[in-house]
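Right, one structure below, let's go through it.
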């Protein structure tokens, strides 16, 4: 019969995958909103440039009232969209905090004896996690303020640059919103989309981990330790790889001998933008056992999808067949106590070099280094010179 730790970790990992599905849905909604805004902006920008008499090879002054009015009107359009995005995300994130806290409570109640009654998280604390608890040094509203300001600056600068270089209306519009051939990823405002996606991914991780920890805080007597768990694949950053499997004491209890302490003890996911790590509770000193999924591939999901389609076309088979073959070769499970460093040790030199870089990969194999020796205590990646100076290599 599985132990509470086995059942808990399996449930936590399953839910982390569900949460990524939720995040993908939010990103789809975000992109639809920004795509609509880009289309509307393209129409209005063409009209405004035509009204100004813009044509290829001509030069213009950026101090005229007409130009300033055009920038103000176009910026106002974008500001309204940024405000809509912030409001939409805020409602979603408020609901997410409540749902994540309840999900953690459900998991805990399902894996421990029924006679133990877990308390719900404080609603006030959940609202604080969304609205006033910083992640990556800033609170949520500050991210959207910066996003809107950067978007306005990119809009103005890309229009000015195009006009200063005597570009045509079509060229200026393409400079701002991108081209169809590149799926509009080559325009200045595509950067806004990528920044907005990073905010959503990071905020979801922050809120999920914060809401779950709020449940643990409400039941502080039930467990003394948390463990950092990172995704076992080639896209995991060095900072998360170095923290994987490290333990946090929640009540000042000494870290059990079989574990390494997380440094610093106050560190929590997200460790960086687009972070996928999570923390889990440890019910006893025996730790967590069971299975963890891993992926031996450094490509992003979108890049794999593109490659699968190209390979399927080249071989004359279905995309599903290519994907299933990839899964059989690259996806597996390892014991839950496997840390990222142990996972990396088991991979071939090609994967290690792809993940660490050739020189670090060689040093990793030759010097018997651990992943956490490639970063400092704050998670900053050390250069090869710094590693040499510290006598690590």
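Bear in mind that the values in this text are calculations on the coordinates, not laboratory data. None of the values given here were measured: they were computed from a predicted structure. Quick reminder, even Gly has a Cβ in these numbers, built from the backbone with ideal geometry, and neighbours come from all protein chains shown.
Apply the a/c threshold of 1.5 to the C-alpha gyration tensor of region 115-269 and tell me whether it is rounded, prolate or oblate.
Values: a/c = 3.64, a/b = 2.43, b/c = 1.50.
Prolate is the answer for region 115-269, as a/c is 1.5 or above and a/b outweighs b/c.
In nm, to one decimal, how far is the modelled label at residue 194 from the one at residue 40, with both set 7 Å along Cα→Cβ?
That separation, rounded to one decimal, is 2.6 nm.
Run the numbers for residue 171 and residue 310: contour at 0.36 nm per residue of separation, minus the present Cα-Cα distance, in nm. Working shown, then result.
Details: separation 139, 0.36 × 139 = 50.04 nm, distance 3.05 nm.
Taking 0.36 nm per residue and subtracting the Cα distance, the gain is 47.0 nm.
Please report, in cubic angstrom per residue, the volume enclosed by the convex hull of the alpha-carbon atoms of region 43-90. Working shown, then result.
Working: hull volume 4.0 nm³, N = 48.
With only Cα atoms used, region 43-90 gives 84 Å³ per residue.
Under a crude label model (7 Å from the Cα following the beta-carbon direction), how far is residue 365 from residue 83 in nanometres?
Computed distance between label sites residue 365 and residue 83 equals 5.8 nm.
Please express the shape of region 41-176 as an equivalent ellipsoid: the semi-axes are the square roots of 5 times the eigenvalues of the C-alpha gyration tensor, given largest first in whole angstrom.
Values: eigenvalues 506, 34, 25 Å².
Semi-axes, largest first: 50, 13, 11 Å.
State the extension gain, in nm to one decimal, for the chain segment bounded by residue 273 and residue 63, taking 0.36 nm per residue of separation less the distance between their alpha-carbons. Can you show the working numbers first?
On the way: separation 210, 0.36 × 210 = 75.60 nm, distance 3.82 nm.
Contour length minus Cα-Cα distance gives 71.8 nm.
Explain nothing, just the number: relative contact order of region 4-220, from Cα pairs under 8 Å at least 6 residues apart, as a whole percent. Provide the component values of the computation, followed by the final result.
Working: 203 pairs, mean separation 68.3, N = 217.
Relative contact order, region 4-220: 31 percent.
Using label points projected 7 Å from each Cα along Cα→Cβ, tell me how many nm separate residue 95 and residue 185, to one decimal.
3.0
Ignoring everything except DSSP H segments at least 4 long, calculate the 222 nm mean residue ellipticity for the chain; use -39,500 (n - 2.57) per segment, divide by total residues, nearest 500.
On the way: 13 runs with 229 residues, N = 393.
That comes out to -19500 deg cm²/dmol.
Taking only C-alpha pairs under 8 Å that are 6+ residues apart, what is the relative contact order of the chain in percent?
17 percent.
Would you mind checking the tilt of helix 65-111 against the longest principal axis of the Cα atoms of the chain, expressed as 0 to 90 degrees and rounded to 10?
So the inclination is approximately 20 degrees.
When a/c reaches 1.5 or more, the comparison of a/b and b/c decides; with that in mind, is the chain rounded, prolate or oblate per its Cα gyration tensor? Please report the intermediate quantities before stating the final value.
Details: a/c = 2.07, a/b = 1.62, b/c = 1.28.
Prolate, because a/c is 1.5 or more and a/b exceeds b/c.
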